[in-house]
Amino acid sequence: MSTPINRRDFLKLAGMLPLSFATPRLLRTLGTPPQQGHSRNVIVIVFDAWSALNISLYGYQRNTTPNINRLAKRAIRYHNHYAGGDFTSPGTSTLLTGVLPWTSRAMQGNAEVVDYYETRNIFGAFKDHYRIAYTHNKWAGTLLRQFQSEIDELIPTEKLLLGSYDKIIASLFRKDEDLSSVSWARNMRIKDGGYAYSLFLSHIYKALQEEKIKDIEPLFPRGLPTNSSDNGFTLEDATAYITERLGSISQPFIGYFHFMPPHYPYHTSKEFTDAFLHDGYIPLEKPRDLFAREEDKNLPLKRRLYDEYILYCDKEFGRLYDILERTGVLDNTWLILTSDHGEIFERAFSGHNIDALYEPVIRIPLMIFEPGRETGMDVHQTTSAVDILPTLAHVTGKEVPEWAEGVILPPYSAAQQIPDRSIHVVRAAKVKKYDPITIGTLIQVRENYKLHYYFGHPETPGDGLVRLFDLNADPEEMNDLAAVKRETAAELLNELKTSLKQADAPYQK
Ligand SMILES: [Zn+2]
């Protein structure tokens, strides 16, 4: 007697097939062969809250990225890359739209962009591609949902979360408006021995889920990776599902995959738990900052837990890369590795979404893996998240969209050199979307100088506060030059205020 649905079929159906089952051969078979002569697929991988300052490839003393170090030998490695903001909404919107938060107005927590960018974004720029996206992060999910008309397959967040019935529902029924699915969903929940539409199936699903979590929990002694409001997830699940989908969908495609780790809570896997416990690393002591809210004595511990979580991201990225390479996907695909913003453990700050924009909060990794490229390259010029959209458009043979604020990155720009320009980072989390920015923190980086401009904060009454650092001479931002190099500070501030005025022009009352 044959079983109508076996465990493997079910796991596959529900997108929970462990990686060991998703063999390269399966992916090969399912995949559409690459089009000759066109390296047109794009995959963007975002690890959330991932500071460039904690990555060994960029000079961090702890070896947090052994796999990436190995793979990046073939990558373009951008060493001075800045996020558009200091937390998910401004950071992710910058990457996706190619404009800064003061333009898209996605400056607040869980923000959307102004309507104009609903279709003007990375998905809208790749209309001839199959567009697929996923995120664990709810605030990034808000943006992806806003862009849904330009996305062919928006994988529901719940699909790659563990332990909720909603995951099963979402994976089996994608259309919310399907009333039959709603009633099916209701009936699938077994409550107090109540009626279930299919007792058989609902029991199977429940047992499978429980079994899975029971098996997985011991692998994460600090708790399952989570976005804080769910029951957890694993990157292994995400890798398995995404590589399987990428082997199945039509080409060319563009995939945007935004994972929560190494964002807090720092729940690394067993393999990396305490990996840096006795390594003797002592971070540089820095003075408590004016904007620090509380004395944080556990910064070295938090930093270590974060660094150990990065090891988990590094391992999974390595595995993801190896699968994509083995299955031939990378032969025809531009792979981008980056983040939405950084994370800080100094000056009595821990985390991100803070008023002081020191380097660890806004400097993020950027690596571009070009199809067929065997030798790496280091780019030390200052670059911004706004540059990714124009660069990807350019390298895949498209016109750079007229709305994009960034430039085509070296080595892909014809000039080979980024034009002389300033990079901006925008924090205006307390400003209403359609109001002028009267309270916030803005950063302008021009050549070796970085200007911090704080205004409207209770801590900075009057004209606000300006800090100036020479990043070449003082990468740790220890010597404020604002009072020493007054002319440079004034010139940079003037330029910054002009840019702000332009961005705010539509919102002046
Ligand atoms: Zn984030």
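None of the figures in this text is laboratory data; all of them are computed from the coordinates on show. Computed from a prediction, not measured in an experiment: that's the story for all the values here. Cβ atoms come from the backbone with ideal geometry, glycine included; neighbour counts cover every protein chain shown.
Evaluating 6.51 cos²θ - 1.76 cosθ + 1.60 at θ = phi - 60° for every residue in segment 365-381, the Karplus couplings come out as x, 9, 9, 10, 9, 8, x, x, 6, 9, 10, x, 7, 9, 10, 9, 5 Hz, glycine and proline recorded as x.
Given 0.36 nm per residue, what is the gain on full extension from N110 to K302 after removing their alpha carbon distance, in nm?
On the way: separation 192, 0.36 × 192 = 69.12 nm, distance 2.50 nm.
Here the answer is 66.6 nm.
How large is log10 I(q)/I(0) at q = 0.13, 0.17, 0.23 Å⁻¹ when the Debye formula is applied to the Cα atoms of segment 434-509, each weighted equally and without solvent? Evaluating at q = 0.13, 0.17, 0.23 Å⁻¹ gives log10 I(q)/I(0) of -0.41, -0.67, -1.07.
Taking amide H positions as modeled 1.01 Å from N, with prolines and chain starts lacking one, the residues under 5 Å from V44 and 5 or more places away or on another chain are G255, Y256, F257, I336.
You can think of it this way: the chain between K432 and S228 has 70.8 nm of extra reach, that is 0.36 nm per residue less the Cα-Cα gap.
Partners of K509 within straight-line reach, counting aspartates and glutamates whose Cα lies under 19 Å from its Cα and excluding those fewer than 8 residues away in the same chain: D435.
Computed over neighbours whose Cβ is under 12 Å from that of A49, the net charge equals -4, Lys and Arg +1, Asp and Glu -1.
Note the full-extension length gain between E459 and E447 as 0.36 nm times their separation in residues minus their Cα-Cα distance, in nm to one decimal.
Working: separation 12, 0.36 × 12 = 4.32 nm, distance 2.86 nm.
Here the segment from E459 to E447 would lengthen by 1.5 nm.
Between amide H atoms placed 1.01 Å from N, distances below 5 Å from L409 occur with T391, all of them 5 or more places distant or on a separate chain.
Would you please state which residues of segment 437-481 a label at T488 would reach in this model, taking the label point 7 Å out along Cα→Cβ and a backbone N cut-off of under 12 Å? Counting only backbone N, you get 446-451, 468-475, 479-481. Work out the charge dipole of segment 280-380 with +1 on the Cβ of Lys and Arg and -1 on the Cβ of Asp and Glu about the Cα centre, then indicate which of T333, N298, I282 is farthest towards its positive end. Of the options given, the answer is N298.
3J(HN,Hα) along segment 122-130, derived from phi through the Karplus expression 6.51 cos²θ - 1.76 cosθ + 1.60 where θ = phi - 60°, amounts to 4, 6, x, 7, 10, 4, 7, 9, 7 Hz, with x in place of Gly and Pro. Rg/Rh, computed from the Cα trace of segment 282-398 with Rh as the Kirkwood radius, has the value 1.06. The amide H of T65, built 1.01 Å from its N in the peptide plane, has S56, L57 as neighbours under 5 Å, considering only residues 5 or more places off or on other chains.
Spacing of the modelled spin labels on T375 and E402, each 7 Å from Cα toward Cβ, amounts to 4.0 nm. Residue-wise HN-Hα couplings along segment 73-85, as the Karplus relation 6.51 cos²θ - 1.76 cosθ + 1.60 with θ = phi - 60° gives them from phi, are 4, 9, 9, 7, 10, 8, 8, 10, 9, 10, 6, x, x Hz; Gly and Pro carry x.
Distance check, please: which entries in K73/K302; K297/K432; K430/K450 exceed 25 angstrom between their Cα atoms? Provide the component values of the computation, followed by the final result.
Working: K73/K302 30 Å; K297/K432 34 Å; K430/K450 23 Å.
In this structure, K73/K302; K297/K432 lie more than 25 Å apart at Cα.
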